[in-house]
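Asks: My structure is below; once you've seen it, I'll send some questions.
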Amino acid sequence: MSENTKTQDENQYKVSPAWELLCTFSLFAFYGFFVMAFSYKVYNDQSISALLYLIYELMFLFMVVIRNLPKRVSASYYDWVIAIVGTVLPVLMRPTDIPNEHMLLLGMQFAGCVITFIGLMTLSRSFGLVPANRGVRTSGLYQYIRHPLYSGYFLSIGSFMLQNFSLWNLAIFLGFAAFEIARIFAEEKLLMQDPKYQAYAEKTKWRLYPYVW
């Protein structure tokens, strides 16, 4: 066994199906409050931004249900914390009584949903929350940026926050942004152990947005 393989084994562990089921059930229970709050807003006020945000988050919930069980994931407590908190924070956002649903912001929110949807379809059942090597994806949007899901996150969630501005939603978004950036670095630290990803990262320079970062 090579030193590189030993290092990967030390930093990752095999996933227990029982643990995976417990995590999925807990996520469903937490999402229940989010779905009720946003469904109420959509039904009573016909809020488009709330509807888009509801659809956006339910996409992730669906992918959590159908995803394949990874063989090994990161064993780092830090990686688990930032993954869980980064996933939970957006669900804590709430629509305001009178949202400012500007067409430009709605367009940005919709674009974020589309980007995320394309990224999820490219990953298919290899989607995951905690850093793990589930295979290097280089097709679709991954040809141009290394983390299209996060690009969609920032665009969709940021535009929702601006349309439903409150100090609470602003604080949630800023915390979310910090944790998502930390997740990007954590994922790349693990993936860079794979020579295939190293070659991919060398070819695909941009992480989130071309010519920005």
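Asks: Quick check on the range 107-118. Is at least one of its residues more than 24 Å from ILE184 (Cα to Cα) and modelled with pLDDT of 90 or more? Give the steps one after another, and end with the answer.
Replies: Of all residues in the range 107-118, those more than 24 Å from ILE184 (Cα to Cα) come to 107.
Those still in the list that are modelled with pLDDT of 90 or more too: 107.
Yes: the range 107-118 contains one or more residues that are more than 24 Å from ILE184 (Cα to Cα) and modelled with pLDDT of 90 or more.
Asks: Does any residue of the range 81-101 turn out to be without any contact (Cβ under 8 Å) to a residue 24 or more places away in the chain and within 19 Å of LEU52 (Cα to Cα)? Break it down stepwise before answering.
Replies: Narrowing the range 81-101 to residues without any contact (Cβ under 8 Å) to a residue 24 or more places away in the chain: 81, 97-98.
Filter once more, keeping what is within 19 Å of LEU52 (Cα to Cα): 97-98.
Checking the range 81-101: at least one residue is without any contact (Cβ under 8 Å) to a residue 24 or more places away in the chain and within 19 Å of LEU52 (Cα to Cα).
Asks: Kindly check whether there is at least one residue in the range 162-185 that is at pLDDT below 95 and in a loop (DSSP other than H, G, I, E, B).
Replies: No, the range 162-185 contains no residue that is at pLDDT below 95 and in a loop (DSSP other than H, G, I, E, B).
Asks: Test of understanding: among LEU162, LEU129, which residue is among the aliphatic types (A, V, I, L, M) and farther than 18 Å from PHE185 by Cα?
Replies: LEU162
Asks: For SER151, indicate whether it is among the hydroxyl-bearing types (Ser, Thr, Tyr), surrounded by 18 or more Cβ atoms within 10 Å (Cβ to Cβ) and at pLDDT 90 or above.
Replies: Values: among the hydroxyl-bearing types (Ser, Thr, Tyr): yes; surrounded by 18 or more Cβ atoms within 10 Å (Cβ to Cβ): yes; at pLDDT 90 or above: yes.
Yes; evaluated as a whole, the condition is true for this residue.
Asks: Looking only at the range 83-91, decide whether some residue is touching a Ser or Thr at 6+ places or on another chain (Cβ under 9 Å), assigned to a helix (DSSP H, G or I), modelled with pLDDT under 95 and surrounded by fewer than 19 Cβ atoms within 10 Å (Cβ to Cβ).
Replies: no
Asks: Mind checking whether some residue in the range 139-152 is aliphatic (A, V, I, L, M), under 17 Å from LEU54 (Cα atoms) and within 18 Å of the chain's Cα centre (by Cα)? Give the derivation first.
Replies: So the first thing to find is which residues in the range 139-152 are aliphatic (A, V, I, L, M), and the list is 141, 145, 149.
Going one step further and asking which of them are under 17 Å from LEU54 (Cα atoms), we end up with 149.
Imposing the further condition that a residue be within 18 Å of the chain's Cα centre (by Cα) reduces the set to 149.
Within the range 139-152 (the criterion being aliphatic (A, V, I, L, M), under 17 Å from LEU54 (Cα atoms) and within 18 Å of the chain's Cα centre (by Cα)), the answer is yes, since at least one residue qualifies.
Asks: Based on what the data block shows, is THR96 among the β-branched types (Val, Ile, Thr), in a loop (DSSP other than H, G, I, E, B) and modelled with pLDDT of 75 or more?
Replies: Yes.
Asks: I've got another one for you. Given the residues SER124, SER156, which is the only one that is surrounded by fewer than 18 Cβ atoms within 10 Å (Cβ to Cβ), polar (S, T, N, Q) and closer than 26 Å to ALA29 by Cα?
Replies: Exactly one of SER124, SER156 is surrounded by fewer than 18 Cβ atoms within 10 Å (Cβ to Cβ), polar (S, T, N, Q) and closer than 26 Å to ALA29 by Cα, namely SER124.
Asks: Continuing with the same structure: For the list (1) under 20 Å from ALA182 (Cβ atoms); (2) surrounded by 20 or more Cβ atoms within 10 Å (Cβ to Cβ); (3) in contact (Cβ under 8 Å) with a residue 40 or more places away in the chain, I need the number of the one condition that GLY119 fails.
Replies: Every listed condition holds for GLY119 apart from (3).
Asks: Continuing with the same structure: Return only the number of the condition from (1) in contact with a strand residue (DSSP E or B) (Cβ under 7 Å, 6 or more places away or on another chain); (2) farther than 24 Å from TYR197 by Cα that PRO131 does not satisfy.
Replies: Of (1) in contact with a strand residue (DSSP E or B) (Cβ under 7 Å, 6 or more places away or on another chain); (2) farther than 24 Å from TYR197 by Cα, only one is false for PRO131: (2).
Asks: Is it the case that the range 140-147 has a residue that's farther than 18 Å from ALA83 by Cα and in a loop (DSSP other than H, G, I, E, B)? Full working, then the answer.
Replies: So the first thing to find is which residues in the range 140-147 are farther than 18 Å from ALA83 by Cα, and the list is 140-145.
Filter once more, so that each one left must be in a loop (DSSP other than H, G, I, E, B): 144-145.
Yes.
Asks: Also, I was wondering about something else. Restricting attention to the range 186-197, and to residues there that are in a helix (DSSP H, G or I) and more than 14 Å from the chain's Cα centre (by Cα), which single residue is surrounded by the fewest Cβ atoms within 10 Å (Cβ to Cβ)? Walk me through how you get there before you give the answer.
Replies: Narrowing the range 186-197 to residues in a helix (DSSP H, G or I): 186-191, 195-197.
Cutting the leftovers down to more than 14 Å from the chain's Cα centre (by Cα) gives us 188-191, 195-197.
Numbers: GLU188: 15, LYS189: 14, LEU190: 20, LEU191: 19, PRO195: 10, LYS196: 12, TYR197: 20.
Ranking the candidates gives PRO195 first.
The values are calculated or read from the model by the stated rules, or taken from the named source; none is laboratory data. Note that the structure is a prediction, hence the values are computed from the model and not measured. Heads up, the Cβs are rebuilt from the backbone with ideal geometry, glycines too, and the neighbour counts pull from every protein chain shown.
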